[in-house]
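Let me begin by presenting the structure, written as structure tokens, before commenting on it.
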Amino acid sequence: QVQLVESGGGLVQAGGSLRLSCASSGRTFVTNAMAWFRQAPGKEREFVAGISRSSTTDYGDSVKGRFTISRDNAKNTVYLQMNSLKPEDTAVYYCAADYSGWLRRPTYAYESWGQGTQVTVSS
């Protein structure tokens, strides 16, 4: 089992930046694919960005060119750098681990989830 703890959320003005971190413990981090999802009030949880065990990346259409996912296997941590933030980016952001190591988008592919961190972008 993997334990995931997110940090770095907060309140930022539109156009600003935030960096989210997700620290992993338990199962060997390097073999997992990792992803960030988000969920706004009244909406379904959506895929934001993912990174495979070989560091292939994928992004949701709404964040391409603005967000960057990366991983540091020595620190068992995955990051999400968010630039040019918009009010519609406001949501709870969740970190997730896929034990297969393959990069996939559906929420059901991910076995472990963090508690989430709130990101609020003011206009």
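From the set of residues in the range 75-103 that are under 20 Å from residue 26 (Cβ atoms) and part of a loop (DSSP other than H, G, I, E, B), which is most open to solvent (accessible area, probe 1.4 Å)? Filtering the range 75-103 for residues that are under 20 Å from residue 26 (Cβ atoms) and part of a loop (DSSP other than H, G, I, E, B), the one most open to solvent (accessible area, probe 1.4 Å) comes out as 102. Scanning the range 8-37 for residues that are open to solvent by 10 Å² or more (accessible area, probe 1.4 Å), closer than 21 Å to residue 104 by Cα and part of a loop (DSSP other than H, G, I, E, B) yields 27, 28. Under the condition of being without any contact (Cβ under 8 Å) to a residue 40 or more places away in the chain and outside any strand (DSSP E or B), the residues counted in the range 44-53 number 1. Evaluated against (1) over 24 Å from residue 14 (Cβ atoms); (2) buried (at least 17 other Cβ atoms within 10 Å of the Cβ); (3) of a type in the set (Ser, Thr, Tyr), residue 108 falls short on exactly one condition, (2).
Of all residues in the range 49-66, which are touching a helix residue (DSSP H, G or I) at 6+ places or on another chain (Cβ under 9 Å) and under 15 Å from residue 82 (Cβ atoms)? Across the range 49-66, the qualifying residues are 62, 63, 66. Of all residues in the range 38-56, those satisfying the criterion of being surrounded by fewer than 15 Cβ atoms within 10 Å (Cβ to Cβ) and either of a type in the set (S, T, N, Q) or more than 16 Å from residue 20 (Cβ to Cβ) (or both) are 41, 42, 43, 44, 54, 55, 56.
Only a single item in (1) within 24 Å of residue 104 (Cβ to Cβ); (2) charged (D, E, K, R); (3) in contact (Cβ under 8 Å) with a residue 12 or more places away in the chain is not met by residue 86, and it is number (1). Residues in the range 104-123 that are part of a strand (DSSP E or B) and polar (S, T, N, Q): 5 in all.
The values are calculated or read from the model by the stated rules, or taken from the named source; none is laboratory data. Just so you know, these numbers come straight off a predicted model, no measurement behind them. In this analysis, Cβ positions are derived from the backbone assuming ideal geometry, glycine residues included, and neighbour counts consider all displayed protein chains. When the accessible area is computed, the model is the full protein with side chains, heavy atoms only, and any ligands, DNA or RNA have been set aside. Shrake-Rupley method; radii C 1.70, N 1.55, O 1.52, S 1.80 Å.
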